[in-house]
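Asks: This is the structure, below, for whatever I ask next.
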Amino acid sequence: MKPRPRTAPASLALLAVLAAGGLAACGGDDAGTGSAAESTSTPSQDSPEDTSADDGTQEVSTDQVRLRLPEGWESLEAQEALADGEDGALASIAERLGVPPPQLEATLQDVDLVAVADGGAQGGVLTNVNVLHQPGELPAEQQLAQQLEQFADTTGDVATVDSPVGDVLRADYQLDINGTPGQFEVLLAQVGADVVTITVTSADAADAAEVADMVVSSLEEA
């Protein structure tokens, strides 16, 4: 029996926590003044690697995929990004998902990459991308649409788009957590026996879509 895809709800939950709790809180004051935007961290064996290019982008990678993001974004350890998150935000998301908070917290341990923009929080939301993977197979477009409808406040269309790694499911949605609005783009790709979920969040839908376009066009198997 093939495992049921679980990546989309897990990733949605993560981004809601990051946008409304951890990253918005820790990035709102410092990212625009230089601590996040100007720092260059040396990749370690346990952290995502990044390489800059002359086109204003940088490559970041996990064990499953490589993709490009705007130059100046900073890659963070997922647990570091969640360390200052509010318990209330985590509990709120867990309630909406219908799972116990400890179960959601355990899911968040599997996040492969968190990357944040260098412009500071806008409207309480810090533009960011997260990547996670789980064993399974891509859901059908209708299945992903149903998952989004159960969780998000409003949803757009689900489409299958081409990328260097193959077919990618792409959808957009809006989500308000504890009064903080967020615009999201979610991308699902099959890489070997895993489904890789990449989620972009921003206060601006056009901004989120632009970053998602960059990810789709550059997404490759690591």
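The values are calculated or read from the model by the stated rules, or taken from the named source; none is laboratory data. In this text, all values refer to a predicted model and were calculated from it rather than measured experimentally. No Cβ is skipped: glycine too gets one built from the backbone with ideal geometry, and neighbour counts run over all protein chains shown. Accessible surface is based on the protein model in full, side chains and every heavy atom, while ligands, DNA and RNA are left aside. Shrake-Rupley method; radii C 1.70, N 1.55, O 1.52, S 1.80 Å.
Asks: State all residues of segment 205-222 that are surrounded by 19 or more Cβ atoms within 10 Å (Cβ to Cβ) and over 16 Å from the mean Cα position of the chain (by Cα); if no residue qualifies, say none.
Replies: Those that are surrounded by 19 or more Cβ atoms within 10 Å (Cβ to Cβ) and over 16 Å from the mean Cα position of the chain (by Cα): none in segment 205-222.
Asks: Scan Asp157, Asp207, Asp112, Asp118 and give me the residue that is in contact with an Asp or Glu (Cβ under 9 Å, 6 or more places away or on another chain), of a type in the set (D, E, K, R) and not in a strand (DSSP E or B).
Replies: The match here is Asp118.
Asks: Residues being under 14 Å from Val186 (Cα atoms) and either in a loop (DSSP other than H, G, I, E, B) or in contact with a Cys (Cβ under 6 Å, 6 or more places away or on another chain) (or both): count how many of those fall in segment 121-135.
Replies: 1
Asks: Search segment 50-103 for residues being part of a helix (DSSP H, G or I), surrounded by 18 or more Cβ atoms within 10 Å (Cβ to Cβ) and in contact with a Pro (Cβ under 8 Å, 6 or more places away or on another chain), and hand back the single one that is modelled with the lowest pLDDT.
Replies: Of everything passing the filter in segment 50-103, Leu97 is modelled with the lowest pLDDT.
Asks: Still on this structure, please answer the following. Could you pull out the residue among Val195, Val200 that is farther than 18 Å from Thr127 by Cβ and in contact with a helix residue (DSSP H, G or I) (Cβ under 6 Å, 6 or more places away or on another chain)?
Replies: Val195
Asks: Out of segment 179-204, which residues are open to solvent by 50 Å² or more (accessible area, probe 1.4 Å) and assigned to a strand (DSSP E or B)?
Replies: Pro181, Gln190
Asks: Here's a check for you: in segment 143-178, which residue that is within 17 Å of the chain's Cα centre (by Cα) and of a type in the set (Ser, Thr, Tyr) is most open to solvent (accessible area, probe 1.4 Å)?
Replies: It comes out as Thr155.
Asks: Of (1) aliphatic (A, V, I, L, M); (2) at pLDDT 85 or above; (3) outside any loop (DSSP other than H, G, I, E, B); (4) open to solvent by 10 Å² or more (accessible area, probe 1.4 Å), Leu138 satisfies all except one. Which?
Replies: (3)
Asks: Tally the residues that are charged (D, E, K, R) and closer than 23 Å to Ala140 by Cα, restricting the search to segment 172-222.
Replies: 6
Asks: Given the conditions (1) farther than 28 Å from Arg66 by Cβ; (2) touching a His at 6+ places or on another chain (Cβ under 9 Å), and given that Asp112 satisfies all but one, which numbered condition is not satisfied?
Replies: (1)
Asks: Please verify whether Gln183 is in contact with an Asp or Glu (Cβ under 7 Å, 6 or more places away or on another chain), at pLDDT 90 or above and not aliphatic (A, V, I, L, M), treating the condition exactly as stated.
Replies: yes
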